Amino acid sequence: LVEDGGFRMAWIGWYRPETEELLPVAVWGDTDNYTQGIKVAVTDTVPEGRGVSGTAFRTGRTCVHNDLLNHPTSLPWREKLQQQGFQASAAFPIRLSGTVSGTLNVYADRRDFFHDREIALLEEAAGDLSFALDNMAREEDRRTAELRVRNEKLFSDTMIESMPGVVYFYDVTG
């Protein structure tokens with residue numbers, strides 16, 4: 001997104017329930033550690049939760065501010081946004097098993113950057129991330145189930161082999 005898409009910065013924020021914040025887990029183009037010095041809440045009861053990222057997370061819908069520095073919800077970050085030269089921002093929900101679990105956040109260095117075409121492409125990117133995360137979770141569940149079956153079989157085989165004499169197994173029908 002940064003190298004080929006013309007964005008100044010992109011980051012993925014992942015929800016931390018214990019703090020009700022989005023934690024940056026993947027960042028690109030953040031030359032001055034912008035994401036390390038900000039707080040992004042997901043609740044609208046605090047100003048840090050009313051920006052594009054918190055709103056996209058909370059509502060489960062795309063949120064775009066094409067005039068970021070003049071948008072009232074950007075006040076908690078305005079000084080840092082100006083220092084970075086960010087003029088527009090958009091956030092897109094990322095879902096895991098259908099539940100919003102994070103956001104894809106992008107920043108541009110000019111106002112009115114985000115139009116229908118850019119928004120559609122970024123919504124597709126967030127959807128692709130959601131799809132990939134769901135596949136990874138399913139694959140992990142499959143591996144865990146296979147390991148559990150393998151361990152149960154190993155336990156049963158070990159028990160049977162270590163018992164003296166004959167062992168009979170009965171099912172519910174005898």
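The values are calculated or read from the model by the stated rules, or taken from the named source; none is laboratory data. What you see is a predicted model; the values in this text were computed from it and never measured. Ideal geometry is used to build each Cβ from the backbone, glycine not excepted, and the neighbour counts take in all protein chains shown. The accessibility values were calculated without ligands, DNA or RNA, using every heavy atom of the protein model including side chains. Shrake-Rupley method; radii C 1.70, N 1.55, O 1.52, S 1.80 Å.
Summary table below
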quantity	calculated
Candidate set from segment 1-25 (those that are open to solvent by less than 70 Å² (accessible area, probe 1.4 Å) and either in contact with a Cys (Cβ under 9 Å, 6 or more places away or on another chain) or assigned to a loop (DSSP other than H, G, I, E, B) (or both)); member that is nearest to A108 (Cα to Cα)	F7
Test: residue in segment 110-132 that is part of a loop (DSSP other than H, G, I, E, B), among the basic types (K, R) and either open to solvent by less than 60 Å² (accessible area, probe 1.4 Å) or touching a residue at least 12 places away in the same chain (Cβ under 8 Å) (or both)	yes
Matching residues in segment 52-63 - criterion: being assigned to a helix (DSSP H, G or I) and open to solvent by less than 50 Å² (accessible area, probe 1.4 Å)	V52, S53, G54, T55, A56, F57
Unmet criterion (only one of (1) part of a loop (DSSP other than H, G, I, E, B); (2) of a type in the set (S, T, N, Q); (3) touching a residue at least 12 places away in the same chain (Cβ under 8 Å)) for T173	(3)
First in segment 88-106 and over 20 Å from E20 (Cβ atoms), second anywhere and of a type in the set (S, T, Y), Cβ under 6 Å, 6 or more apart	S89/Y107
Yes/no for H65 being modelled with pLDDT of 95 or more and touching a His at 6+ places or on another chain (Cβ under 9 Å)	yes
Qualifying residue in segment 64-81 (condition: exposed (fewer than 10 other Cβ atoms within 10 Å of the Cβ), free of Cβ contacts under 8 Å to residues at least 40 places away in the same chain and not acidic (D, E))	yes
Leading residue by the ranking (farthest from E118 (Cα to Cα)) among those in segment 35-51 that are open to solvent by less than 10 Å² (accessible area, probe 1.4 Å) and assigned to a helix (DSSP H, G or I)	G49
Options Y107, Y168: the member that is assigned to a strand (DSSP E or B) and either under 30 Å from V42 (Cα atoms) or open to solvent by 80 Å² or more (accessible area, probe 1.4 Å) (or both)	Y107
Which numbered condition W28 misses (of (1) farther than 30 Å from D141 by Cβ; (2) open to solvent by 60 Å² or more (accessible area, probe 1.4 Å); (3) in contact with an Asp or Glu (Cβ under 9 Å, 6 or more places away or on another chain))	(1)
Members of segment 74-110 found to be of a type in the set (S, T, Y) and touching a Phe, Trp or Tyr at 6+ places or on another chain (Cβ under 8 Å), listed by number	S89, S101, T103, Y107
